[in-house]
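The values are calculated or read from the model by the stated rules, or taken from the named source; none is laboratory data. On a predicted model such as this, the values are computed, not experimentally measured, just so you know. Cβ coordinates were reconstructed from backbone atoms using ideal geometry, including for glycine residues, and neighbour counts include every protein chain displayed.
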Amino acid sequence: MSAMDAPDGWSAVIDLIERVVGEEDLLPSVIAGVRTTVREVAALPPSDIAGHTRALLAAATRALAARRGPTEAELSFVEELGVTRARQGIPIEAVLAAVHVAERAIWARAREIARAEGVAPDRLLDARELYDDWAEAVRSRLITSHRTTRAGADPRPGDRDAAILRRLLQGGSAAALAVAEAGLPATGGLWVLVARRDDAAVAERALREHPPVLCAVVNDLLVGVLPRTPPRALAAAGLAAGLAGPAEPEELAPVRRLAVAALAAAESAGRRGVVHIADVAVLAALTERADLAAVLLDHHLPAWAALGPNAEPVAHAVLAWLESDRDVTAAAARLFVHPNTVRNRIQRFAEVTGVDPFSTFGAMNAWWLCRTRLTDST
């Protein structure tokens with residue numbers, strides 16, 4: 001005689017469990033409860049949580065019907081779940097909490113309708129005790145597989161932020177999970193700041209004084225992710241930093257590239273402090289196109305040759321004049337020369353290159369050409 005046909009009322013228990021599990025609105029309600037209660041799994045797609053929850057419920061129902069513990073096949077599925085959650089960066093405590101929330105909702109529903117289904121309270125208690133034995137074995141395998149996976153993948157404690165940051169910059173669901181693990185808000189937008197490694201200690205100290213923040217040295221640059229514009233202490237530190245944002249977690253990879261471009265543009269113009277990419281958009285566009293800079297330089301090589309030993313002084317004069325908003329006196333003071341010297345060198349540049357630095361686009365070409373010439377000669 002099977003468990004389903006047993007005369008002791010066990011079949012009614014199984015019918016009750018199957019009815020609860022089969023309710024159309026139960027699983028969506030359970031998923032919503034899990035995602036609301038357990039923050040670390042809120043970023044997971046509902047289909048991911050639903051698929052694993054449905055599979056666990058089906059396995060538990062089979063075990064209750066047969067009055068047995070979990071089979072090795074069921075434990076293998078549990079092991080895969082532990083590995084998956086570990087690789088997604090979800091702590092084991094959050095995984096167990098999610099399972100607990102689902103269990104509580106399902107058994108609460110079973111108690112609600114038990115009397116109407118003809119299931120005595122003591123028989124329902126027997127089923128719950130049997131389920132608890134099954135669930136204990138499941139949790140044990142879940143913990144073991146999760147910890148084994150994390151032991152092989154966990155960075156050293158000092159590298160934790162760097163590991164989370166790399167996942168965040170991957171984009172997609174990995175980014176949403178990394179944001180949750182770092183304690184950053186998932187909505188409202190995030191900012192990305194980058195600074196040179198030499199300035200990393202100062203920048204990181206200023207950032208960490210205003211949590212939440214995630215920062216680490218990645219690819220020889222300090223990268224910080226924060227839910228607000230940088231603190232004033234950082235702007236006053238005298239270092240150069242590039243800033244971009246705000247953006248959603250899934251978009252932070254291209255935002256980081258913009259922050260790096262802002263840093264490069266700020267450095268090319270000699271600017272200090274925190275510089276947003278929007279403030280140096282033109283400079284960033286120019287400095288990012290090394291191929292066009294090379295074409296521009298090659299095209300004007302005869303002009304530089306004609307200038308001879310005066311090529312660099314002319315380039316410095318044009319650059320200083322343009323970066324001083326075409327103020328001859330300011331440029332002369334910057335170069336420690338007479339204003340007429342600056343005027344003469346600008347005139348000479350225009351005559352030899354054919355570039356009119358007084359026009360809008362001519363000024364851009366002149367700045368880019370002189371900057372490239374001086375950078376190339378160092």
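Residues 315, 320, 331: which one is aliphatic (A, V, I, L, M), touching an Asp or Glu at 6+ places or on another chain (Cβ under 9 Å), within 23 Å of residue 355 (Cβ to Cβ) and assigned to a helix (DSSP H, G or I)?
The conditions single out 331.
How many of the residues making up the range 316-359 are without any contact (Cβ under 8 Å) to a residue 24 or more places away in the chain, buried (at least 18 other Cβ atoms within 10 Å of the Cβ) and either of a type in the set (S, T, N, Q) or farther than 19 Å from residue 374 by Cβ (or both)?
So the count comes out to 1.
Within the range 360-376, which residues are polar (S, T, N, Q) and either outside the structural domain of residue 321 (by TED's automatic domain parsing) or surrounded by 12 or more Cβ atoms within 10 Å (Cβ to Cβ) (or both)?
365, 372, 375
Only one of these is in the same structural domain as residue 147 (by TED's automatic domain parsing) and either part of a helix (DSSP H, G or I) or surrounded by 21 or more Cβ atoms within 10 Å (Cβ to Cβ) (or both): 19, 68. Name it.
Residue meeting the stated conditions: 19.
Quick check on my filter: what residues within the range 253-277 are under 16 Å from residue 171 (Cβ atoms) and either of a type outside the set (A, V, I, L, M) or at pLDDT below 90 (or both)?
Once the filter is applied, which keeps residues that are under 16 Å from residue 171 (Cβ atoms) and either of a type outside the set (A, V, I, L, M) or at pLDDT below 90 (or both), the range 253-277 yields 253, 254, 256, 257.
Of the residues 123, 141, which is surrounded by fewer than 18 Cβ atoms within 10 Å (Cβ to Cβ), in the same structural domain as residue 67 (by TED's automatic domain parsing) and either touching a residue at least 12 places away in the same chain (Cβ under 8 Å) or more than 33 Å from the chain's Cα centre (by Cα) (or both)?
Checking each option against the conditions leaves just 123.
Determine whether residue 259 is in contact with a helix residue (DSSP H, G or I) (Cβ under 9 Å, 6 or more places away or on another chain), buried (at least 24 other Cβ atoms within 10 Å of the Cβ) and touching a residue at least 12 places away in the same chain (Cβ under 8 Å).
Considered against the rule, which asks whether it is in contact with a helix residue (DSSP H, G or I) (Cβ under 9 Å, 6 or more places away or on another chain), buried (at least 24 other Cβ atoms within 10 Å of the Cβ) and touching a residue at least 12 places away in the same chain (Cβ under 8 Å), residue 259 comes out as yes.
Do the conditions hold for residue 63, that is, is it touching a residue at least 24 places away in the same chain (Cβ under 8 Å), crowded, with 16+ Cβ neighbours inside 10 Å, outside any loop (DSSP other than H, G, I, E, B) and more than 31 Å from the chain's Cα centre (by Cα)?
It is true that residue 63 is touching a residue at least 24 places away in the same chain (Cβ under 8 Å), crowded, with 16+ Cβ neighbours inside 10 Å, outside any loop (DSSP other than H, G, I, E, B) and more than 31 Å from the chain's Cα centre (by Cα).
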